[in-house]
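Below is one structure; the comments refer to it alone.
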Amino acid sequence: MGVAPLDGWPGGMFANPVIAGLHPDPSVCRVGADYYLACSSFEYFPGVPVFHSRDLVHWQQIGNALDRPSQLLLPPQTPSSGGVYAPTLRHHDGRFWLITTNVAPGGGTAVFTATDPAGPWSEPVAVPGVTGIDPDLAWDDDGTCWCTYAGIEQIRIDPGTGQTFGPPRRLWSGAPGAQAPEAPHLYRVGDHWYLLIAEGGTERGHAVSVARGPTPGGPFEPCPANPVLTHRGTNRPIQNTGHADLVEAPDGSWWMVLLGVRPGGGTPGWHVLGRETFLAPVTWVDGWPVVGDVAPDMAAPPWPPHPAAPPPTRDDFDSDRLHPRWVSVRSRPDESWSTMDRAGWLSLRAAGGSLDDPAVTFVGRRQQHPSCRVRALVDAAEGRGGVAVRLDESHHYEIEVGDGQVRVVARTAAVRAAVATRAAQAGPVRLRVDVLASPRGDWHPRQEPDTLRLGIEDADGVFDVLAELDGRYLSTEVAGGFTGRVIGMYAAAGTVRFDWFDYEPTEHGAAQGSSTRAGAILAP
Ligand code: 6LW
């Protein structure tokens, strides 16, 4: 007796986003029953996270495509939200192909290949002839490879050598007057070539439009129903929907991965997790794609789920490698970190003197839940450092220990302040950050999206809150840019050691449970 498709899907539904946190510009491909997906990664190293799924809903990070300095150089002058922009991931001729743009000084467009998407990926093949961001790869029946990129332009390339042929040609570029035609993807479906693009800019006006034509170069006729996806001007909980890619499932159904945000708080609404990856069903009507609903709760696909093991709450650094989810800012020099120096501890050696410094030694993971709790056991006997919530060099909150003190530091734009200080006990200290999303229920126009409590936790779990800070100042609407929060460990002086690091999603209000002693409260 076959498995009823909805079996195993709680309530016959799945939750969107399917990859939460800073995972924008998703590009997806399928090989047999396996799906692979890659996202942009900006100033973070290693870059271009790669995910695997068997059901399009449950995704596991299997690596980062760019995990060697020879593949990814992000010099100190690379601004935050610079670096690696949108990738395209495809499988062709028995190999995986990834093309992306590093907008950092000395970067450019490059192609990488791999036989195993978990890596290792090849050294970069530069494609100097491609002058726009968001490059896409598509192969014609005769093996000709076309690279289409933002603007919307297209050029024939040899992805093996990076050579381009002839001048680029301009293709259909979306609705007249719409800003930023970008994120093109080209597909051969039936008798047509389809050109899918994003337009309207990646903020609240974001949208997806499509056109079709007889050849990879067109001419393209726009879909009469364009934009085929946008949430602009709606009160939908998911906003900024755009930058999409399509994939056909083994059963012939079609699906779209796309980016979107979940703004919180009052007006204008602030998103703190960055642009995340969402999934939507696509049907075809009169030879045009029709995108289904993009909502937090979605009807399950017509196949059994393949749940991925949830990531462990605790990383105790007992291996000589760091899990691919851990990222650093611009680089991670070998001499800056070790899990062998003191076995079972992550030892970080300071480079920059604080999170303000582009070269700070930082190892963090993307915040993926509106409410979560982070803890770490920190030994700063040989230095100064702690736990930080980072958006960029000018927007971060941290709790650090060193020189006999525990301090909470808040940096928002030009304002930098040690908002609370306490004498530190001798020996390792448990530092804790609770992120509490503001309940949607009691909305008021100036409501913060969330609140961050930073403090010390004793061995009985009693949370001594040194400061409570407004989360809007660590949002993209305030800081600007393309990224979201990354929460992690840093060393600002000497060597700081971390025995373990916990990341735990919480239901807002859960943090109330544990006994808390309130410290400095900083309202807006
Ligand atoms: C991405 C492009 C974009 O490459 O921002 O706003 C870039 N749109 O499509 C970084 O996400």
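The values are calculated or read from the model by the stated rules, or taken from the named source; none is laboratory data. Source: prediction; values computed, not measured. In this analysis, Cβ positions are derived from the backbone assuming ideal geometry, glycine residues included, and neighbour counts consider all displayed protein chains. Only protein heavy atoms, including side chains, enter the accessible area calculation; ligands, DNA and RNA are left aside. Shrake-Rupley method; radii C 1.70, N 1.55, O 1.52, S 1.80 Å.
If the condition is being farther than 28 Å from MET298 by Cα, assigned to a strand (DSSP E or B) and either under 13 Å from the mean Cα position of the chain (by Cα) or outside the structural domain of ASP140 (by the TED database) (or both), then segment 43-95 contributes TYR44, PHE45, GLY47, ASN64, VAL84. Answer yes if at least one residue in segment 63-86 is open to solvent by 20 Å² or more (accessible area, probe 1.4 Å) and on the phi > 0 side of the Ramachandran plot, and no otherwise. No, segment 63-86 has no match at all.
For GLU335, the criteria (1) open to solvent by 30 Å² or more (accessible area, probe 1.4 Å); (2) part of a loop (DSSP other than H, G, I, E, B); (3) under 26 Å from GLY427 (Cα atoms); (4) not small (Gly, Ala, Ser) hold in every case but one, which is (2). Among the residues of segment 272-293, those identified as assigned to a loop (DSSP other than H, G, I, E, B) and surrounded by fewer than 22 Cβ atoms within 10 Å (Cβ to Cβ) are ASP286, GLY287, GLY292, ASP293.
Mind listing just one residue for me: the one in segment 298-312 that is open to solvent by less than 50 Å² (accessible area, probe 1.4 Å) and aliphatic (A, V, I, L, M) and, of those, modelled with the lowest pLDDT? Ranking the candidates gives ALA308 first.
Before we move on, is GLY484 on the phi < 0 side of the Ramachandran plot and touching a Ser or Thr at 6+ places or on another chain (Cβ under 7 Å)? When the stated conditions are applied, GLY484 passes them.
With respect to ARG411, is the statement that it is of a type outside the set (A, V, I, L, M, F, W, C), in contact with a His (Cβ under 7 Å, 6 or more places away or on another chain) and open to solvent by 40 Å² or more (accessible area, probe 1.4 Å) true? When the stated conditions are applied, ARG411 passes them. Just the residues that are within 12 Å of LEU258 (Cβ to Cβ) and in a loop (DSSP other than H, G, I, E, B), please, taken from segment 228-244. Listed by number, the residues that qualify are VAL228, HIS231, ILE238. Looking only at segment 451-482, which residues are among the charged types (D, E, K, R) and assigned to a strand (DSSP E or B)? Within segment 451-482, ARG453, GLU457, ASP464, GLU468, ASP470 qualify. Please work out which residue is most open to solvent (accessible area, probe 1.4 Å), limiting yourself to segment 177-203 and to residues that are charged (D, E, K, R) and away from the ligand (no atom under 12 Å from the Cβ). So the residue we want is ASP191.
Just one of the listed residues (VAL465, VAL478) is at pLDDT 95 or above, open to solvent by 20 Å² or more (accessible area, probe 1.4 Å), over 24 Å from THR361 (Cα atoms) and among the β-branched types (Val, Ile, Thr), and it is VAL478.
Of all residues in segment 390-401, those that are assigned to a strand (DSSP E or B) have Cβ atoms under 7 Å from Cβ atoms of residues that are of a type in the set (Lys, Arg) and modelled with pLDDT of 95 or more, 6 or more apart or on another chain, in ARG390/ARG485; LEU391/ARG485; HIS395/ARG411; HIS396/ARG390; HIS396/ARG411; GLU400/ARG384; GLU400/ARG407.
Count of segment 244-297 residues, restricted to those that are β-branched (Val, Ile, Thr) and within 22 Å of the chain's Cα centre (by Cα), is 6.
Annotation: of all residues in segment 113-143 being touching a residue at least 60 places away in the same chain (Cβ under 8 Å) and assigned to a loop (DSSP other than H, G, I, E, B), the one that is nearest to the ligand (Cβ to nearest atom) is ASP134.
Looking at the structure I just gave you, is ALA359 open to solvent by 20 Å² or more (accessible area, probe 1.4 Å), over 29 Å from the mean Cα position of the chain (by Cα) and of a type in the set (A, V, I, L, M)? Spelling it out, it is not the case that ALA359 is open to solvent by 20 Å² or more (accessible area, probe 1.4 Å), over 29 Å from the mean Cα position of the chain (by Cα) and of a type in the set (A, V, I, L, M).
Please tell me if PHE498 is modelled with pLDDT of 95 or more, surrounded by 23 or more Cβ atoms within 10 Å (Cβ to Cβ), aromatic (Phe, Trp, Tyr) and outside any helix (DSSP H, G or I).
Here the answer is yes, as PHE498 does meet what is asked.
For segment 77-103, the set of residues classified as more than 25 Å from THR144 (Cα to Cα), away from the ligand (no atom under 11 Å from the Cβ) and of a type in the set (Gly, Ala, Ser) consists of SER80 only.
Residues that are among the polar types (S, T, N, Q) and in contact with a Lys or Arg (Cβ under 9 Å, 6 or more places away or on another chain) within segment 101-151 comprise THR113, THR115, THR144, listed in sequence order.
If you go through segment 366-384 and keep only what is small (Gly, Ala, Ser) and either open to solvent by 30 Å² or more (accessible area, probe 1.4 Å) or farther than 26 Å from PRO49 by Cβ (or both), you end up with ALA380, ALA381, GLY383.
Report yes if some residue within segment 215-223 is acidic (Asp, Glu), part of a loop (DSSP other than H, G, I, E, B) and either in the same structural domain as ARG156 (by the TED database) or within 20 Å of the chain's Cα centre (by Cα) (or both); otherwise report no. No, segment 215-223 contains no residue that is acidic (Asp, Glu), part of a loop (DSSP other than H, G, I, E, B) and either in the same structural domain as ARG156 (by the TED database) or within 20 Å of the chain's Cα centre (by Cα) (or both). Restrict the check to segment 205-218 and report whether at least one residue is open to solvent by 60 Å² or more (accessible area, probe 1.4 Å), in contact with a Gly (Cβ under 8 Å, 6 or more places away or on another chain) and either modelled with pLDDT of 95 or more or away from the ligand (no atom under 16 Å from the Cβ) (or both). No; the residues of segment 205-218 include none that is open to solvent by 60 Å² or more (accessible area, probe 1.4 Å), in contact with a Gly (Cβ under 8 Å, 6 or more places away or on another chain) and either modelled with pLDDT of 95 or more or away from the ligand (no atom under 16 Å from the Cβ) (or both).
In segment 144-176, the residue that is least open to solvent (accessible area, probe 1.4 Å) out of those that are without any contact (Cβ under 8 Å) to a residue 40 or more places away in the chain and of a type in the set (Lys, Arg) is ARG156. When every residue of segment 46-60 is checked against the conditions, none turns out to be farther than 21 Å from GLU276 by Cβ, out of contact with any Pro (no Cβ under 7 Å at 6 or more places or on another chain) and surrounded by 22 or more Cβ atoms within 10 Å (Cβ to Cβ).
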